[in-house]
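Here's the structure we're looking at; comments come further down.
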Amino acid sequence: MADQEMRQVFARLLEQAMEEDLRIITIDADLAKANATFSLREKFPGRALDVGIAEQNMASIAAGMTSYGFRPWIGTFCCFVSRMADQILLSVGYAGRNVKIVGTDPGITAEINGGTHMGVADVSMMRGIPEMTIYEATDAVQLQMAMPQILAYEGPMYIRLARRQVPTVWDASMKFDLWKAQILRPGKDVTIVANGIMVAEALEAAELLAAQGIEAEVIDVHTVKPLDTETVCASIRKTGAVVTCENANILGGLYSAVCEAAAQYSPARILPIGIRDRFGEVGRLPYLKETMGMTAQHIVQAALQAKEIKN
């Protein structure tokens, strides 16, 4: 699965889940082809639906169908999740409905679709909804490991998913726990907390830092909410220097979550890498990473600065 696009891997896993559980249904908002779930309509007529460009209706229908025992999965681009804010807050969140919400093309991975299609505020919006779980897939291997645990979880969840192929970070021999952050590389000098596409950048940065004699601890925080405070704060207490890396607005997302935890359990200076409270623009991923300050080199610079502040 590692050499496939993330959307293809997701569609295959969802198809397997629908074969095993007749309660699972999918609802799209005119993006089934873009998200690779269109083929589910032929295999599961009556259980793979499309509401057209009507995201609010999609969320409301999904919430209502849980009352009849269904387990709905709804999907759209991350940038359109905000259209469902009221329905997700009240019909899904407040009502405690078991709806899985999938947002694809997070942040700058929207590339040439431009700023209007870059989900920069979806994580902060979802973090503000009580009892909402937020998971961001790192790669195809991890997504395959995560799927059984996601299916077993009873409650609302937001799943952030790159559509296209991403670098493989996880190994099939690794153990995945939806509720625990994963230390991918141990270190003692600086903590790099990352998720999504930024995990690969963080690991590359750690290699560059190692060449300078600096041992960076890289933590994959695939589940932003609830944050694995124990793992993150233990690393912060060990290193005293922290950099967060995310493909979203740094306000209200991973940076905010880590700062909140650190302020309570292990105070430290924390420097952010991510989208700095701005909208996106048209461009390919390498250009956007450079423009937004989200490359491995930018992480190295932030890590050196964080280490210097600590000293």
message: Please determine whether any residue of segment 278-288 is assigned to a helix (DSSP H, G or I), of a type in the set (Ser, Thr, Tyr) and outside the structural domain of residue 118 (by TED's automatic domain parsing).
response: yes
task: Would you point out the residue of segment 114-133, among those that are of a type in the set (Val, Ile, Thr) and under 16 Å from residue 76 (Cβ atoms), that is surrounded by the most Cβ atoms within 10 Å (Cβ to Cβ)?
output: 123
field: Test: residue in segment 85-97 that is hydrophobic (A, V, I, L, M, F, W, C), within 13 Å of the chain's Cα centre (by Cα) and buried (at least 23 other Cβ atoms within 10 Å of the Cβ)
entry: no
- line: Note on residue 184: of the conditions (1) farther than 26 Å from residue 280 by Cβ; (2) among the aliphatic types (A, V, I, L, M); (3) touching a residue at least 40 places away in the same chain (Cβ under 8 Å), unmet is (3)
field: Test result for residue 85, outside the structural domain of residue 285 (by TED's automatic domain parsing), in contact (Cβ under 8 Å) with a residue 60 or more places away in the chain and small (Gly, Ala, Ser)
entry: no
field: Hey, residue 266 in the same structural domain as residue 306 (by TED's automatic domain parsing), modelled with pLDDT of 95 or more and surrounded by fewer than 24 Cβ atoms within 10 Å (Cβ to Cβ) or not
entry: no
Contacts under 9 angstrom Cβ, first residue in segment 228-244 being closer than 13 Å to residue 218 by Cα and in contact (Cβ under 8 Å) with a residue 24 or more places away in the chain, partner of a type in the set (Asp, Glu) and in a loop (DSSP other than H, G, I, E, B), 6 or more apart: 239/189; 239/215; 241/189
- prompt: Restricting attention to segment 224-243, which residues are in contact with a strand residue (DSSP E or B) (Cβ under 8 Å, 6 or more places away or on another chain) and part of a helix (DSSP H, G or I)?
  reply: 231, 232, 235, 236, 238, 239
message: Among the residues that make up segment 53-64, is at least one of them among the β-branched types (Val, Ile, Thr), on the phi < 0 side of the Ramachandran plot and either surrounded by fewer than 16 Cβ atoms within 10 Å (Cβ to Cβ) or at pLDDT below 95 (or both)?
response: yes
Candidate set from segment 244-263 (those that are outside any helix (DSSP H, G or I) and of a type outside the set (S, T, N, Q)); member that is surrounded by the fewest Cβ atoms within 10 Å (Cβ to Cβ): 251
message: Quick check on my filter: what residues within segment 291-307 are assigned to a helix (DSSP H, G or I) and farther than 12 Å from residue 239 by Cα?
response: 291, 292, 296, 297, 298, 299, 300, 301, 302, 304, 305
query: Just wondering, is there one or more residues in segment 8-17 that are assigned to a helix (DSSP H, G or I), among the charged types (D, E, K, R) and within 26 Å of residue 282 (Cβ to Cβ)?
result: no
message: Any residue that is in contact with a Pro (Cβ under 7 Å, 6 or more places away or on another chain) and modelled with pLDDT of 95 or more - is there at least one of those in segment 281-290?
response: no
- prompt: What number of residues in segment 209-239 are out of contact with any Ser or Thr (no Cβ under 7 Å at 6 or more places or on another chain), surrounded by 16 or more Cβ atoms within 10 Å (Cβ to Cβ) and within 14 Å of residue 299 (Cα to Cα)?
  reply: 4
field: Residue that is nearest to residue 134 (Cα to Cα), among those in segment 171-200 that are over 15 Å from the mean Cα position of the chain (by Cα) and crowded, with 23+ Cβ neighbours inside 10 Å
entry: 192
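The values are calculated or read from the model by the stated rules, or taken from the named source; none is laboratory data. Just so we're clear, the structure is a prediction, and the values are computed from it rather than from any experiment. Virtual Cβ from ideal backbone geometry, glycine too; neighbours counted across all protein chains shown.
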